[in-house]
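A short write-up of the structure that comes next.
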Amino acid sequence: MTSPRFARAANAAIGRIEATASLDTPSHAIETAMARPAQIAGRPAGRIGDALHGTRYGHPVHPMLVTIPIGTWTLAFGLDLLAALGARSNGAARAADIALKAGAAGAVAAAATGLADWQHTNGRDRRVGLVHALVNSTALGLTLASIGLRSRGRRREGRLASAAGWACMVVGGYLGGHMVYRRRIGVDHADRSPEPRDFAPVLPLAELEENRPRRVELRDENARQDIGIVLVRRGGRVHAMGARCSHLGGPLDQGWVLGNALVCPWHGSRYDLETGWPESGPSTCPQPRYETRLRDGIVEIRREQEPGDEIVTAADLPPVPRDAAPGGGRKADEVLTEHHQLIRRLFETIEATPRHQPERRDLMRTLASELEIHEHVEDHLFYPAVRPVSEDVAIAHSEHRQLADLLAMTLKLDTASPEFEEHLRALHAAVDHHAGSEERSMFREAQRLGEPRLRELGQALEAMIEQQRTSRFQRAFRDLKIRLLEGV
Ligand code: FES
Ligand SMILES: [Fe+2]
Ligand SMILES: [Fe+2]
C-alpha cells in the first residue's frame with residue numbers, strides 16, 4: 001500500500017458521491033427554482049448574482065465568507081471543550097455563544113454565495129457540491145439548535161449539538177477543498193502564457209468578419225503548448241483576448257458579441273472587449289489581453305503583461321556600461337553549460353568505476369562538491385540576473401532543492417550497494433533533466449539580456465566558481481557538510 005489509509009478512504013467516499021447520478025434530479029430542481037425568479041427579475045437579479053459571485057471585486061466571495069463559521073465555530077468548540085474539562089467560566093460561555101451566533105450569520109452568507117457559484121457547475125462537481133451544501137446546512141442547523149438550547153439553559157445538550165455541527169463543518173470543508181484543489185472549481189481557468197512578448201502575425205484582416213469572434217493559435221515554445229486567442233473585429237478596431245474563459249474554461253471564440261462585450265457560451269460571463277474584465281459573472285477574473293496592430297493587411301498581436309509579471313525585454317533593461325562589459329570573456333550560459341558537462345562526465349566515471357572500489361566514494365564526494373558549487377553560483381548570481389527575462393527560475397529553484405535532497409539520500413548509502421546504484425541512476429536522471437531544461441529553455445531566454453551583460457555575468461560566474469573551489473574556508477565548509485550528510 002503506497003497511499004495513506006485516510007486519503008484512500010476519503011478518496012473512495014468522494015468517488016462514490018461523484019458517481020451518484022441520483023443526485024442530479026434534485027440538483028436540477030434546485031437550479032431551475034433558482035433560475036426562474038432571477039430570469040423574471042432580470043437585471044437586478046443579475047447584479048445580486050454578480051455580488052454573490054464576486055465579479056465586482058475580482059475575487060470569489062464564497063471562500064472569504066466560509067472563514068467566518070470556520071473560525072468562530074472552532075473557537076466555540078475550543079471554549080466548550082475547556083468547559084467540559086472543568087475550566088468553567090461565565091465569560092467563556094458567553095464568548096462561545098457569541099461566536100456561534102456570529103458564525104451562523106457568516107454561514108448563511110457563505111451558503112448564499114456558495115449556491116450562486118454551485119448552479120454553474122456540472123456533472124460530478126455538481127454532485128459533490130450538493131453534498132457539500134447538505135453537510136454544511138446540517139452544520140448550520142445543529143448550530144442554530146445549539147444556540148436555542150443554550151438560551152434555554154440546556155448548556156450540556158447545546159454543547160453536544162454544536163460539537164456535532166463543528167464535525168459536520170469539517171467534513172463540509174473537506175469536500176469544499178476537494179472541489180477547489182482537486183476539481184479546480186473557482187480557480188482561474190484562463191491561459192496566462194506571457195507569449196508572445198513581441199508582435200506576432202496571426203491572421204489577414206480580410207478573414208476577420210465584423211462582430212464574429214475568431215480563434216487563432218500561437219505556440220509557446222517554453223511551455224510546449226499552443227495558446228488560444230480570440231479576435232473580435234468591431235467598429236474599425238480589432239480586439240484580442242484569451243480564448244479560454246477564466247471561469248471554467250469555456251470557448252470564448254464560440255461565444256457572441258453583445259454591446260461592447262464578448263459573451264461566454266457556457267455560463268454567460270460578459271467580458272469587456274477593451275479591458276478583458278467581466279462586466280457580469282459568474283466569472284470574477286479578467287481575461288488575458290493582447291495588444292493588436294495591423295501590418296500589410298495582417299493582424300499582429302502581443303501579450304499585454306499583467307501586474308506582477310517580471311518578463312521584460314532587453315530594451316527595458318538599463319544599458320551595461322561599456323567598460324563593465326569586456327568583449328573577450330565567455331557568456332554566462334557557456335560557462336554553465338561547460339560546468340554541466342563536467343558534472344555529466346563525473347556521473348559517467350562513477351558509473352564506470354567497479355562497485356567495490358573505494359575510489360567511488362571519493363568520486364562521489366567530488367561530484368557532490370561540484371553540484372553544490374554549481375547550485376550555489378546559479379542561485380546567487382545567474383538566477384537573480386535572468387529572473388526578469390525567464391519564467392523558469394522559480395521551477396529551477398525547486399529543482400535545485402530536489403537535487404540536493406536526492407544527493408543527500410545517495411551520499412548516505414554504501415557505494416557498493418544496489419541501493420546506491422539505484423539512487424545514483426535517479427540522481428543522474430534528475431541532473432540531466434534539470435541541466436537539459438536550463439540549456440534548452442532558460443539559457444535561450446537569457447539571451448534577451450544582451451551579449452555584453454551575458455559576458456559580464458560569465459566573468460563573474462567563472463570567478464565565483466574558482467573562488468568556491470580554491471578558498472580553504474569554502475572547501476572545509478563543503479567537506480564538513482558532505483561528511484555530515486554521509487553520516488560519518
Ligand atoms: S466557462 Fe463559465 S462563463 Fe465561461
Ligand atoms: Fe540549475
Ligand atoms: Fe545549471
*Mean shadow area of segment 58-150, taken as a quarter of the surface of its Cα convex hull (nm²)*: 6.8 nm²
*asked:* Checking the a/c ratio against 1.5 first, then a/b against b/c, what shape does the Cα gyration tensor give for segment 1-138?
replied: oblate
*Tell me which residues come under 5 Å, amide H to amide H, from Gln225 once H is placed; ignore anything under 5 positions away on its chain.*
Asp220
*Measuring from label point to label point, each 7 Å out along Cα→Cβ, what is the Ser471 to Thr275 span in nm?*
5.1 nm
*Using a simple spin-label model with points 7 Å from Cα along the Cα→Cβ vector, what separation in nm is obtained for Arg365 and Asn122?*
6.3 nm
_Full-stretch length increase - Leu258, Val108 - with 0.36 nm per residue and alpha-carbon distance subtracted_ = 50.5 nm
*What order, most packed first, do the peptides 211-219, 21-29, 137-145 have when packing is the mean number of other Cβ atoms within 10 Å of each residue?*
137-145, 211-219, 21-29
*Say R0 is 30 Å: what FRET efficiency, to the nearest 0.05, do Gln402 and Met64 get from their beta-carbon distance?*
0.30
*State the extension gain, in nm to one decimal, for the chain segment bounded by Leu342 and Ser89, taking 0.36 nm per residue of separation less the distance between their alpha-carbons.*
84.1 nm
*asked:* Against the 2.2 N^0.38 Å scaling, with N counting residues, where does the chain land? I'd like the Cα-based Rg ratio to two decimal places.
replied: 1.29
_At a 10 angstrom cut-off on C-beta neighbours, averaged per residue, how do the peptides 281-290, 424-433, 73-82 rank from highest to lowest?_
281-290, 73-82, 424-433
*Pop out the ³J(HN,Hα) list for segment 184-200 in order, Karplus 6.51 cos²θ - 1.76 cosθ + 1.60 with θ = phi - 60°, rounded to Hz; leave Gly and Pro as x.*
6, 8, x, 9, 6, 9, 6, 8, 10, 4, x, 7, x, 7, 10, 4, 10
*Does anyone have the angle between helix 359-377 and the longest principal axis of the chain? Alpha-carbon axes, 0 to 90°, nearest 10?*
70 degrees
*Can you grab the distance from the C-alpha centre of segment 194-267 to the C-alpha centre of segment 426-456, Å, no decimals?*
32 Å
*HN-Hα J couplings of segment 338-354 from phi, Karplus 6.51/-1.76/1.60, θ = phi - 60°, integer Hz, Gly and Pro as x?*
5, 5, 4, 4, 4, 5, 4, 5, 4, 4, 4, 5, 4, 5, 7, 7, x
*Evaluate E = 1/(1 + (r/R0)^6) for Glu334 and Arg219, where r is the Cβ-Cβ distance and R0 equals 30 Å; express this FRET efficiency to the nearest 0.05.*
0.65
_Once you place label points 7 Å from the Cα toward the Cβ at Asp296 and Ser151, how far apart are they in nm?_
7.8 nm
*Cα axis of helix 67-84 to longest principal axis of the chain: angle in degrees, 0 to 90, nearest 10?*
80 degrees
*Apply the Karplus parameterisation 6.51 cos²θ - 1.76 cosθ + 1.60, with θ equal to phi minus 60°, to every residue of segment 465-478 and state each ³J(HN,Hα) to the nearest whole Hz, in sequence, with x for glycine and proline.*
4, 4, 5, 5, 6, 9, 4, 4, 4, 4, 5, 5, 5, 5
*Calculate, in nm to one decimal, what Lys101 and Ala167 gain on full extension: separation in residues at 0.36 nm each, minus their alpha carbon distance.*
22.1 nm
*For segment 200-303, what Kirkwood radius comes out of the mean inverse Cα-Cα distance, in Å?*
13.6 Å
*In deg cm²/dmol, rounded to 500, what helix-only [θ] at 222 nm does the chain give when every DSSP H run of at least 4 residues adds -39500 (n - 2.57) and the total is split over its residues?*
-18500 deg cm²/dmol
*Residue list for segment 141-176, given a label point 7 angstrom along the Cα-to-Cβ vector of Leu81 and an amide N cut-off under 16 Å*: 159-171
_segment 60-132-segment 1-53 distance, computed between alpha-carbon centres (Å)_ = 19 Å
*Cα axis of helix 418-437 to longest principal axis of the chain: angle in degrees, 0 to 90, nearest 10?*
90 degrees
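Bear in mind that the values in this text are calculations on the coordinates, not laboratory data. In this text the structure is predicted, and so the values were computed from the model without any measurement. All Cβ positions, glycine included, derive from the backbone under ideal geometry; neighbour counts span all protein chains shown.
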